[in-house]
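The values are calculated or read from the model by the stated rules, or taken from the named source; none is laboratory data. In this text the structure is predicted, and so the values were computed from the model without any measurement. In this analysis, Cβ positions are derived from the backbone assuming ideal geometry, glycine residues included, and neighbour counts consider all displayed protein chains. These area figures cover heavy atoms from the full protein model, side chains too; ligands, DNA and RNA do not enter into them. Shrake-Rupley method; radii C 1.70, N 1.55, O 1.52, S 1.80 Å.
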Amino acid sequence: MELKKLLQGIEGIKAKGDVNVDVKNVTNDSRKVEKGGMFIAIKGFETDGHMFIKDVIKKEPSAIMVEEGANLKELASLENITILVVPDTRKALAIVSSNFYGNPSQKLKIIGVTGTKGKTTTTYMIKEILEKQGKKVGLIGTIAVYIAGKKLEDSSRTTPESIELQEILAKMVDAGVEYVIMEVSSQSLKLDRVYGLSFDIGIFTNFSEDHISDKEHPDMDDYYKSKLKLFDLCKTGFTNVDDLHGAKVAKIQNCDIKTYGIDNSANLLAKDITITNTYADFKVKLGERNERVKVGIPGRFSVYNALAAISVALKLGVDAETIKTALEVVRVPRKIRTCREHKRA
């Protein structure tokens with residue numbers, strides 16, 4: 001693809017060289033740079049992509065993108081490689097990736113789920129409901145990536161890097177997927193992996209202490225504010241009003257937020273709850289009638305996750321019987337850990 005087409009939508013670009021040059025691949029991984037490709041240097045928590053530019057040059061890419069303030073000494077004398085300088089290479093990577101894969105998110109209806117707990121279960125509940133409705137669905141999350149009922153791959157992180165994410169979304173478009181349900185981690189929001197995506201629906205499950213470290217979030221305020229970024233990207237939102245931080249989400253002005261809960265007044269309220277060792281059972285208003293819903297996953301948390309899924313289903317016009325049938329049979333597959341993951345646990 002022509003370089004200048006890949007750069008559409010990026011502001012504040014400074015370029016040295018030919019922007020009409022053809023680009024064969026895009027990557028932020030110096031090991032994956034191909035001759036005629038494009039390398040975008042990203043500053044990570046552990047490594048800085050700018051440190052590998054000398055190695056990248058040897059591979060003869062068409063273009064190299066760096067962030068303002070980077071040391072350009074190694075790039076100053078280059079003649080056959082186009083050099084691009086931008087204010088933020090993370091955001092630029094997201095835009096370039098979207099352009100490279102034909103802006104696939106614009107052809108999909110995307111549902112994003114964020115929160116400390118419940119993201120995975122909620123996404124599988126929504127997936128089951130929509131598939132029971134006869135829709136072609138894609139899922140991106142902690143356990144795996146699914147496209148139209150088939151597992152594409154196991155997941156190495158909750159939300160992929162933007163270049164990987166856009167490639168997956170493009171495959172979903174090719175497969176005829178209509179709805180994509182995605183776990184959206186606080187890290188992906190903070191590091192702009194989902195920058196430029198337009199979410200039709202956003203969900204906030206709950207909030208508690210997690211991911212506080214030098215390599216993730218310095219404090220709870222940063223962690224919470226990172227999650228809130230999802231609601232800058234969505235048209236409609238649903239939040240757990242029984243959660244203290246979830247209740248605050250309901251006050252966001254730039255997204256149409258509705259609530260669900262058990263203990264506090266909400267747009268969607270669960271009543272008369274029964275919880276056993278094998279299921280959760282409750283009453284909820286589906287359309288004009290109060291219906292009894294049985295979820296085949298036990299626990300009070302399952303009621304909250306089901307309420308989030310039901311909120312989405314009702315917004316999308318799914319009928320009560322389909323919702324009830326799907327929630328009774330839904331199961332969440334276990335993730336098979338690698339040896340590396342066991343060592344981290």
Open item on the list: Can you report the number of residues in the range 224-281 which are within 18 Å of LYS119 (Cα to Cα), without any contact (Cβ under 8 Å) to a residue 40 or more places away in the chain and touching a Cys at 6+ places or on another chain (Cβ under 8 Å)?
Closed with: 2
- [ ] Taking the residues in the range 131-146 that are assigned to a strand (DSSP E or B) and small (Gly, Ala, Ser) as candidates, determine which candidate is surrounded by the fewest Cβ atoms within 10 Å (Cβ to Cβ).
- [x] ALA144
Task: Residue in the range 15-51 that is farthest from the chain's Cα centre (by Cα), counting only those that are assigned to a strand (DSSP E or B) and modelled with pLDDT of 95 or more - done: ASP22
Task: Residue under evaluation GLU79, criteria (1) open to solvent by 50 Å² or more (accessible area, probe 1.4 Å); (2) within 22 Å of ASP192 (Cβ to Cβ), criterion not met - done: (2)
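Taking helices (runs of 4 or more DSSP H) that fall entirely within the range 240-345, which contain at least 3 residues that are at pLDDT 95 or above?
300-315, 320-329
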Task: Residues located in the range 149-187, provided they are surrounded by fewer than 16 Cβ atoms within 10 Å (Cβ to Cβ), at pLDDT below 95 and outside any strand (DSSP E or B) - done: GLY149, SER156, ARG157
- [ ] For ILE310, indicate whether it is open to solvent by less than 40 Å² (accessible area, probe 1.4 Å), over 15 Å from GLY115 (Cα atoms) and touching a residue at least 12 places away in the same chain (Cβ under 8 Å).
- [x] yes
Open item on the list: Quick check on my filter: what residues within the range 62-77 are touching a strand residue (DSSP E or B) at 6+ places or on another chain (Cβ under 8 Å) and either free of Cβ contacts under 8 Å to residues at least 60 places away in the same chain or within 30 Å of ASN305 (Cβ to Cβ) (or both)?
Closed with: SER62, ILE64, MET65, VAL66, GLU67, GLU68, ALA70, LEU72, LEU75
- [ ] Output yes when any residue across the range 117-129 is open to solvent by 50 Å² or more (accessible area, probe 1.4 Å) and in contact (Cβ under 8 Å) with a residue 24 or more places away in the chain, and no when none is.
- [x] yes
Task: Count - residues of the range 200-239 that are touching a strand residue (DSSP E or B) at 6+ places or on another chain (Cβ under 6 Å), modelled with pLDDT under 90 and assigned to a helix (DSSP H, G or I) - done: 1
Task: Pair list, Cβ under 6 Å, 6 or more apart: the range 321-345 residue within 18 Å of LYS285 (Cβ to Cβ), other residue of a type in the set (S, T, N, Q) and modelled with pLDDT of 50 or more - done: THR322/GLN133
Open item on the list: When you scan the range 86-98, do you find a residue that is at pLDDT 95 or above, farther than 28 Å from SER185 by Cβ and surrounded by fewer than 22 Cβ atoms within 10 Å (Cβ to Cβ), even just one?
Closed with: no
Task: Failed item in (1) open to solvent by 70 Å² or more (accessible area, probe 1.4 Å); (2) farther than 25 Å from PHE199 by Cβ, with ASN254 passing the rest - done: (2)
